[in-house]
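Notes for the one structure printed next.
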């Protein structure tokens, strides 16, 4: 059974690559990345040998725990349940849950990343063991630790697979991704601010927290290499088996549990819509405002923008490289504005396959211009208050409240510039957002290049056009901020005109580009 | 978008007697010719069916007629006006339900209708009233405030049709409107469409379900391998046979079910 699943997994990987150059390139990159991670991880782990034994042990325990966390959270980030690993696809075959668990375990061992992890763990055996018995115990501990990572990861994805298949669950998880990414910045920030004092104390503090978790016990066993170590790997082995049992139970339940996606609530009727002007402009604004709230991709982008600007606010001020003067107040809001504006660099992507509804109505360049104006108005309605909050916070943080004015004006102007540039990239380099959100790619298969060129082009164009107004403000000529908004509005207007001219001529192409199967 | 058909089905564009006429319509995707010179004709006021096997080019043809796909060659006239030369006149007077169920997923059913109406410049109150009536007829009032992403296939087809009818078009193009629709919803769709054509408006729809085409349509166009192989009033196209038999004759039945599979079924000994 196990061998069958391994072959199935290999066949799926091969089938996925057949005839698609972009995917082949992507897979080669994955292989290279995995190989680098394996070799680099192995080398770094073995280098622990050079550290004092107690520091090496602490580091080993923390790193083992970290590896486990990566295994548990990683698959959730890609929402990845590939065909071998999604129990729903196997539910119809006459397999017992135990057979399925064995098979799925075998399938999850197959692949570049488990191999890379094993190599890293073997590096830890080199780095941590202090005796021959340590090496022997270490080999067992490494294999058990890998098994623990895989089974823990499987338990979590299987338990959540019901949720992952519903729309609501995926929406929630998408927002969770932003949190996870922002959270990874926290240790960085803390260290930057000098919280925790001596790094070695910090490390041993962390190590004492994770000490009795199975990964840390595996690491400790390698370093110990004696009877205590044997006892520890025995415990880890028992935990792996127990977790396997939990997995089988969860699997059994997941196969027969009803899909809960049909139980859905209603949305409230918006009272705000009544205030918007009638006609196409109001219609587009109303739709866009709803999408900001309801589309997880949109929410992700907004949260990331605000979160990132917040982090920047802290990190710019601290440390030896901290900014001085007005720039300290202006930069966070400007980064927020840039990140919000860049989301508009593929405006039609969010409509995706529904874009035909607009296309069968629009019969002149003016219609398309109105569409863009509606989108820009909607973004501005939400963004400007956010930028105001960011500006106030940053000005207070910088210790000089009057800086709130240049911060708000500059960032609002920058937002308009980004929107204008984004309108043009939207029609020149349109691409499809994949149906399943994941944290690593933002385009349908084969459109990664277009997506990259689009966002990079938008960033470059915006930065270049923003230099005349943003740079003087950064350098302290705060009065230039007064020009930022009119200048930004002019760029946005020109961008909409140009985009409508190009876009209307190639409306059917646009439609195809954002409706690719994904 | 200043004009919209506000009242009854009075034809705004006078002229030809045909609602749709294509001339040598041609489209190629890479090596594959999807539509190879199609001359589709649909008389005004007819309930027309476009039938043919999978891959015959029905969807591609409909996409080119409705201005969603640029033809490589040939021309399309709707009510005597060239679709690609004068899109304003055409787009205001046609309604479309394309293949797949491509809708704005994150709007509720009611919001979707409102959006469509306002995009076409229909006054707000008028849109609200029409939307309410359409939701009622389509039996969607209970789900009007749920997001389209959570709709079932039948509900999506119904809300799509409602959106296509909202501006009271003169010609309605529907690509596989009954695919995956439960019998109750299908019945609703049929009733609405029959009421619509009885006022003199035109419906063009593609389908695999021959019985349905036979029951509803008075005009049939049969496509195969990118060509129109037969076209005319239903009675002429099918002759003395059922439409299904006529189609199999026209397309060339691919009967290869006799050999092999001898093990299949329980009665074989």
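When you scan region B:213-220, do you find a residue that is farther than 28 Å from residue B:112 by Cβ, touching a residue at least 12 places away in the same chain (Cβ under 8 Å) and assigned to a strand (DSSP E or B), even just one? Yes, there is a match, as at least one residue in region B:213-220 is farther than 28 Å from residue B:112 by Cβ, touching a residue at least 12 places away in the same chain (Cβ under 8 Å) and assigned to a strand (DSSP E or B).
The sole residue among A:76, A:17 that is surrounded by 15 or more Cβ atoms within 10 Å (Cβ to Cβ), modelled with pLDDT under 85, in contact with a helix residue (DSSP H, G or I) (Cβ under 8 Å, 6 or more places away or on another chain) and farther than 30 Å from residue A:202 by Cβ is A:17.
Which ranges mark the helices (runs of 4 or more DSSP H) fully within region A:279-378 that have 2 or more residues being within 14 Å of chain B (Cβ to nearest Cβ) and within 18 Å of residue A:416 (Cα to Cα)? Working first, answer last.
Numbers: elements: A:280-294, A:296-317, A:326-342, A:356-359.
Per the criteria, A:280-294.
Applying the criterion of at least 1 residues that are more than 14 Å from chain B (Cβ to nearest Cβ), within 22 Å of residue A:354 (Cβ to Cβ) and modelled with pLDDT of 90 or more to the helices (runs of 4 or more DSSP H) found wholly in region A:437-518 leaves A:481-505. Would you confirm, using the coordinates I've provided, whether residue A:432 is within 13 Å of chain B (Cβ to nearest Cβ) and under 30 Å from the mean Cα position of the chain (by Cα)? Taking the combined requirement at face value, the residue satisfies it. Of all residues in region B:118-128, those satisfying the criterion of being surrounded by fewer than 24 Cβ atoms within 10 Å (Cβ to Cβ) and in a helix (DSSP H, G or I) are B:124, B:125, B:126, B:127, B:128. Tell me yes or no: at least one residue of region B:192-209 is modelled with pLDDT under 90 and in contact with a strand residue (DSSP E or B) (Cβ under 8 Å, 6 or more places away or on another chain). Yes, the conditions are met somewhere in region B:192-209. Would you please name the residue that is surrounded by the fewest Cβ atoms within 10 Å (Cβ to Cβ), looking only at residues in region A:34-53 that are free of Cβ contacts under 8 Å to residues at least 12 places away in the same chain and part of a helix (DSSP H, G or I)? Only one residue fits best here, namely A:50. Here the condition is being at the interface with chain B (Cβ under 8 Å from one of its Cβ atoms) and at pLDDT below 90; of A:252, A:269, it holds for A:269 alone.
Could you say which residue among B:161, B:165, B:101 is in contact (Cβ under 8 Å) with a residue 40 or more places away in the chain and within 12 Å of another protein chain (Cβ to nearest Cβ)?
After ruling out the rest, the residue left standing is B:101.
Mind listing whichever residues of region B:46-59 are crowded, with 21+ Cβ neighbours inside 10 Å and either within 12 Å of another protein chain (Cβ to nearest Cβ) or in contact with a helix residue (DSSP H, G or I) (Cβ under 7 Å, 6 or more places away or on another chain) (or both)? B:47, B:49, B:50, B:51, B:52 - these are the residues of region B:46-59 that are crowded, with 21+ Cβ neighbours inside 10 Å and either within 12 Å of another protein chain (Cβ to nearest Cβ) or in contact with a helix residue (DSSP H, G or I) (Cβ under 7 Å, 6 or more places away or on another chain) (or both).
The number of residues in region B:75-98 being more than 8 Å from chain A (Cβ to nearest Cβ), assigned to a strand (DSSP E or B) and in contact with a strand residue (DSSP E or B) (Cβ under 9 Å, 6 or more places away or on another chain) comes to 7.
The values are calculated or read from the model by the stated rules, or taken from the named source; none is laboratory data. Treat the numbers as computed from the prediction; the structure is a model and nothing was measured. Quick reminder, even Gly has a Cβ in these numbers, built from the backbone with ideal geometry, and neighbours come from all protein chains shown.
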